[in-house]
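Reading through the structure tokens given below for one structure.
The values are calculated or read from the model by the stated rules, or taken from the named source; none is laboratory data. Bear in mind the structure is a predicted one, so any value in this text is a computation, not a measurement. Calculation scope for accessible area: heavy atoms of the full protein, side chains included, ligands and nucleic acids excluded. Shrake-Rupley method; radii C 1.70, N 1.55, O 1.52, S 1.80 Å.
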Amino acid sequence: MSGDTGDKKEIKCVVWDLDGTLWEGILLESNEVKLKPGIRQIIQTLDSRGILHSIASKSDYDDALAKIKEFKLEAFFLYPEISWNAKSTSIKRIQENLNIGLDTIMFIDDQPFERDEVQHEHPEVFCLDASQYRNLPDHPRLNPRFITEDSKKRRHLYLADMKRKKIEQEYEGPKQDFLMSLDMTLIISQAKEEDLKRAEELTVRTNQLNTTGVTYDFDELKRFLSSDDYRLFICELRDKYGSHGKIGLALVEITDKFWQLKLFLMSCRVLTYGVGTVFLSYILNEAKKAGMIVRSDFRDTGRNRMMYITFKFANFREIQSQTKGEILLENNLTKIQEFPPYIHVIIQ
Amino acid sequence: MSRTQKIREFIESHLVISNNEKVLKDDDNIFELGFVDSLFALQLVSFIEKEFEIELENNDLDLKNFSSINSIVSFLENKLGR
């Protein structure tokens, strides 16, 4: 178990410059640019580890994208930013679209000026000189501890998200009808051993929608499974476009009087569907059935205010607040939000 | 536009109300009327912070301050004056 946030985080997305970085030469000067040797392999290797790719390039959008397509690489790059904007702006937009932390982004560019500009605006971003690209597969921040089913298909999950967002933007009509049209199912179960790698990965990767930011490794999680004092819940979201994967995790310690939430987290990828409250409602209802009230640990990590708001709006109140941002929340279970009509909930 | 109108407009466009035909009254409990999910909660908090240029402290984030249009307005009156 580790609550230390000082560690360098695993990189979630590599943002590439194009001219002089991904390929040799400058596209606007010559259409005959060539990919740098070995670059395709490197992109595929990182992709198979669940690391995403994007682009921040100053160039003509249509020309650059046509070239990327010619190289058959277009499916690898999510939310590419090709414009004449400052690269710090491009990176901010990519970060917002992917909904990941700036400190989980690596930016690769051959121009010192561009790296300095990004570094100056976003000190959290890890900037790398393009001449170092061959070392990427060995870089410690690009070697996640586990590669799970969810990480292997991560890019496809994001591609499906891009499609959903596009459809949502084009959808005219009440939000409820749109949500109904997604045909969402939330599947909640008690975690099994085969879920634990993903569970560990969630504790490491999830920052914003996370009550404590405490990470648990595989062996710790495994001990919870065999203990009568703990319950570990995991949930998966599916909709008509496919599965979002396992996206929520809750660790409950069961005492004489309380169900104590030691950890509650939801992947930021599903933030826009508001399913966190549904998962939370399920746990509150289960505790109520068992005749318990619910308490929750909470630690202000500087990044998880969203989760604090979620809990307060789910009728938790602070009963104890300590220095270092550690807070104890309690819910007397008098008001529990019902499941909304647009999500089908399955308990396994 | 008055605070009440601004808040009503926001809630009407963001809250998924169980009964589409329902007209939102100023003292309707929005937690009973619709599904207040984590996303709506975030949107409401950030709307209030931006629109009325205040920062909500942890203590302000209390369900009773946000349960209806009227309660949001009186909470804002306490914070900001009329």
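Taking all Cα pairs closer than 8 Å and separated by 6 or more residues, the relative contact order of chain A comes to 15 percent. Counting only protein heavy atoms and a 1.4 Å probe, tell me what percentage of the range A:149-347's accessible area is made up of carbon and sulfur. The value for the range A:149-347 is 47 percent carbon and sulfur by accessible area. Diffusion of the range A:155-197 by Stokes-Einstein, at 4 °C in a medium of 1.567 mPa s and with Rh set to the Kirkwood radius over alpha-carbon pairs, works out to 100 µm²/s.
Listed by chain and number, the aspartates and glutamates whose alpha-carbon sits under 17 Å from that of residue B:6, ignoring those within fewer than 8 places in the same chain, are B:26, B:27, B:28, B:49, B:51, B:53, B:77.
Taking square-rooted eigenvalues a ≥ b ≥ c of the alpha carbon gyration tensor, is the range A:13-142 rounded, prolate or oblate, where a/c under 1.5 means rounded and, failing that, a/b exceeding b/c means prolate? All intermediate terms of the calculation are to be shown ahead of the outcome.
Details: a/c = 1.39, a/b = 1.15, b/c = 1.21.
Verdict is rounded for the range A:13-142.
Just to be sure I understand: with springs between alpha-carbon atoms less than 10 Å apart, which residue in A:277, A:211, A:334 has the highest mean-square fluctuation in the Gaussian network model of chain A? Its mean-square fluctuation being the largest, the pick is A:334. Per residue, the accessible area of the protein assembly as shown comes to 46 Å², computed with a 1.4 Å probe over protein heavy atoms only.
Computed 3J(HN,Hα) for the range A:291-307, one whole-Hz value per residue from the Karplus formula 6.51 cos²θ - 1.76 cosθ + 1.60 where θ = phi - 60°, is x, 10, 10, 10, 10, 9, 6, 8, 10, 6, 9, x, 10, 10, 4, 3, 6, glycine and proline marked x.
Where the centre of each part is set by its Cα atoms, how far does the range A:107-181 sit from the range A:250-285, in angstrom? About 26 Å separates the Cα centre of the range A:107-181 from the one of the range A:250-285. With a threshold of 26 Å on the Cα-Cα distance, the over-threshold entries among A:262/A:312; A:240/A:335; A:165/B:50 are A:240/A:335.
Report the accessible surface area buried between chains B and A, summing both sides, using a 1.4 Å probe on protein heavy atoms only, in Å² rounded to the nearest 100.
Interface between B and A: roughly 2200 Å².
Partners of residue A:166 within straight-line reach, counting aspartates and glutamates whose Cα lies under 13 Å from its Cα and excluding those fewer than 8 residues away in the same chain: none found. Once the mean of 1/r is taken over each pair of separate Cα atoms and inverted, the range A:149-347 shows a Kirkwood hydrodynamic radius of 17.4 Å. Interface burial in the range A:295-312 reaches 50 Å² or more for A:305, A:309, A:312, comparing the full protein assembly with the chain by itself; accessible area from heavy atoms with a 1.4 Å probe. Using a Gaussian network model of chain A in which every pair of alpha carbons under 10 angstrom is joined by a spring, one finds that among A:322, A:132, A:337 the greatest mean-square fluctuation is at A:322. Candidate cross-link partners of residue A:246 among the lysines, defined by an alpha-carbon separation under 16 Å and a same-chain spacing of 8 or more, comprise A:152, A:153, A:192, A:197.
Please state, as a whole number in µm²/s, the translational diffusion coefficient that the Stokes-Einstein equation yields for chain A at 10 °C and 1.306 mPa s, with Rh defined as the Kirkwood radius across alpha carbon pairs. Taking Rh from Cα pairs, D becomes 73 µm²/s.
Computed from phi, the 3J(HN,Hα) profile of the range A:211-222 under the Karplus parametrisation 6.51, -1.76, 1.60 (θ = phi - 60°) reads 6, 10, x, 6, 9, 10, 8, 3, 5, 4, 5, 5 Hz, with x in place of Gly and Pro. Once C-alpha pairs closer than 8 Å and six or more residues apart are averaged by separation and normalised to the residue number of chain B, the relative contact order reads 35 percent.
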